[in-house]
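Worksheet: one structure, shown below.
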Amino acid sequence: MDSTSSSVGTARGGFAGPDAQEAKATPAGWLASLLLMDAAAWDARYDAAGLLWSAEPNQFVVRELPGRPAGRAIDLGCGEGRNAVWLATQGWTVLGVDFSAVALAKAAQLAAAAGVTVGWEQTDLLEWRPEPNHDLVLLVYVHLPPPQRQALLARAAAGVAPGGSLLVVGHDRRNLADGVGGPQDPALLWTPDEVIAPGFVDRCRETAPRPVEDQVAWDTVVHLVRSG
């Protein structure tokens with residue numbers, strides 16, 4: 001699930017954090033409860049009319065990718081597909097992965113409305129195994145307990161081809177004290193220092209502010225490029 005969907009249930013999608021109006025309208029307790037939902041519960045949540053999250057791509061995805069030649073991309077925890085669809089509009093060949101069938105159905109509708117083709121795969125991210133041939137792997141607001149998070153990060157890095165990018169965006173631990181929205185359990189939050197992938201070089205590594213109407217949220221943003 002994208003815009004915010006990371007589950008610690010029997011299957012996992014992503015927890016792609018809410019932007020602007022979504023963060024304002026989503027109390028911390030509700031966000032925390034989402035983390036305990038399995039695929040069936042997420043399907044029920046996504047089954048509401050309209051999009052659960054924004055149709056607009058994440059601002060850091062848009063910021064980091066200009067200048068990178070389009071190629072093969074995979075969006076892990078894609079949810080309703082906003083980042084995958086945007087990538088397709090930029091010429092990328094994209095696969096979106098999530099464990100919610102309802103979210104993926106909405107993602108397909110979003111792609112059709114945009115006039116682009118995106119591949120969709122329903123699977124638990126903790127069972128997903130990559131082919132090492134992607135020019136871009138996105139891990140956007142995927143929030144899991146540390147052991148699972150690090151295992152997923154390692155597999156995401158393994159899916160990147162030489163010269164390709166791994167882009168990680170997630171609610172930062174600083175958000176607990178200084179920001180708004182996102183999970184309230186520090187164990188589920190990212191920091192830039194923990195995004196380590198051997199054989200990659202940094203293009204960006206920061207804790208970045210994200211405006212949320214009259215407030216601010218803090219996100220980990222790490223863009224790594226595989227050497228070779």
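Derivation of every value follows stated rules applied to the coordinates shown; laboratory data play no part. Note that this is a predicted model, so its numbers are computed, not measured. Every residue, glycine among them, receives a Cβ derived from its backbone with ideal geometry; neighbour counts consider all protein chains shown.
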Note to self: C-alpha centroids of the stretch 70-136 and the stretch 183-211 sit apart, in Å, by 22
Return the distance in nm (one decimal) between the two label points of a simple spin-label model at A101 and L176, each offset 7 Å from Cα along Cα→Cβ.
3.8
Collect residues whose amide H, placed 1.01 Å from N in the peptide plane, falls under 5 Å from the amide H of G96; neighbours closer than 5 in sequence don't count.
D75, G119, W120, E121
Could you sort 91-100, 207-216, 72-81 so that the peptide with the highest average Cβ count within 10 Å comes first and the rest follow in order?
72-81, 91-100, 207-216
Under a plain spin-label model, where a point goes 7 Å from the Cα along Cα-to-Cβ, how far apart in nm are A151 and C204?
3.0
Restricting things to alpha carbons, find the Rg to Rh ratio for the stretch 20-226 using the Kirkwood radius for Rh.
0.93
Give, as a single signed number, the net charge of other residues whose beta carbon lies under 15 Å from the beta carbon of A161, with Lys and Arg counted +1 and Asp and Glu -1.
+2
